[in-house]
1. The conditions are (1) assigned to a helix (DSSP H, G or I); (2) within 48 Å of the chain's Cα centre (by Cα); (3) closer than 23 Å to Glu200 by Cβ; (4) of a type in the set (A, V, I, L, M), and Ile309 fails exactly one of them. Which is it?
2. Residue under question is Ile139, and the condition is that it be part of a strand (DSSP E or B), β-branched (Val, Ile, Thr) and either at pLDDT below 90 or over 44 Å from the mean Cα position of the chain (by Cα) (or both); does it hold?
3. Being at pLDDT 90 or above, among the aliphatic types (A, V, I, L, M) and in contact with a Lys or Arg (Cβ under 8 Å, 6 or more places away or on another chain), is that true of even one residue in the range 64-71?
4. Kindly establish whether Asn274 is surrounded by fewer than 13 Cβ atoms within 10 Å (Cβ to Cβ) and assigned by TED's automatic domain parsing to the domain that holds Tyr236.
Amino acid sequence: MRIIGKLTIFFFISLLSLVCPAADEGKGNFSIVGVWMLKSETAPDGKTTSSVYTHYTRCKIYDADSTYYTVQLHAVGDEMMILAHEMGRYRLNDSIYMERDRVMPLHIINDSTVVLEFEGYKETIVRTHTMTEERKEEIRNLVRQYPNDADAPVKHFVLSTTERELKAENRIFLYTIILMCLFTIAGVGYVMRLRRHKREMERKLAEIEEANQLRPEPVAKAMKEVESDFFQSDHYRVTRGRIDAGENFTPTDWKELERQLKIVYPNFASSLFNLYDLSPTEWQVCMLLKLRIKPADIASVLKKEKSSISNIRTRLYKKVFDKSGTGKDWDEFILSL
C-alpha cells in the first residue's frame, strides 16, 4: 500500500508538471514572485502560533525563474541575523503549490496574503515590499553558498546594509584623513624647505656683504683701477658700439664677454650662481647690467620687449631676496657684486 501511495503521488506530481507550463500561473492574475514572510502557523488541533517578524520569522524569496530561497530571520537590534535553509524549484498551478516532493493546497486570501496546507498544518504567509534588491541578493548568495546541512554546523550571518554603508563611509573618511595628513606633511615639508632656503640665501648674502666690507683698502683700490681700465679699453668701446648699433651677439661673443667679466670681476659669476641657478637669458641680462648697459638697450640686444627685461629683473630680486622689489633694486645688487 505504501508503494502504491508513493507511486500515486509521483504520478500526480508528474501530471501536474506536464499541465503547468509556468511556475507562476496562479489563480487569475495572482503572482507569487516576491518576498514572503511567515505570519502564523495553525496546527491540526486548531492551535495557532504567531511568528512575529520583529522577533523571528521564516522568509522565502520566490523568483520568476521558479527558484525559491528559504531562510530564518531573527531580529538583532536594527539588523537581521540569517540562518540559511534551502533553495529549490517550485511550481504553482491554480490552487496547487509544489516544491520538492510536497504538494500543498494554496488558498489566496488576497494579493498579499495566502495560506498553505501541508500534513494538517496551515501556514499563513504575507508578502512584503520593504526588502531592498540589495538585501534580497545578499540572502540569495548566502543560501547558495551555505545551504542547510544536518551534518554541518549551523551558520548564522548578520545582514547589515547599514553596516556596509557605514563601513564605506568610514573608509572614505579614513582615506580623506590620510590624504589630508599627506597634504599637511607635504605642506609642512615645503614650508620647512622654504625656510631653510631663505636662511641659506641670507647666509650667502651676508657673506657677500661681509666680503665687500672687510676687503682691504689696497685690494679694493686695485679692483677699482682694473674696473676703470676695462671701461676705457678698446674692447669695451667696441662691445658698447655693437650694443648701441643693435647688433646680434653670437655664442662666441657671449663667451668672450663672460671671459672679460671674469678678468675684471673674478667672483661675479660664482657669487651670482651660488645664489640662484640662472637661465642663459637671465645670465646674459646680468652680464649686460654689470657692463652698465641700460634695460632698453639690453632688450634691443636680446631681441625682447623692454617689459620682459623688467620682469626678469624683478623676478630675480624676488627669488634671491624672498621679497618684492623693483628692477632697479636688482640692478644695484648686480653692481655691488
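The values are calculated or read from the model by the stated rules, or taken from the named source; none is laboratory data. Computed from a predicted structure; not experimentally measured. Glycine gets a Cβ as well: all are built from the backbone with ideal geometry, and neighbour counts include every protein chain shown.
1. Unmet condition: (3).
2. No; evaluated as a whole, the condition is false for this residue.
3. no
4. no
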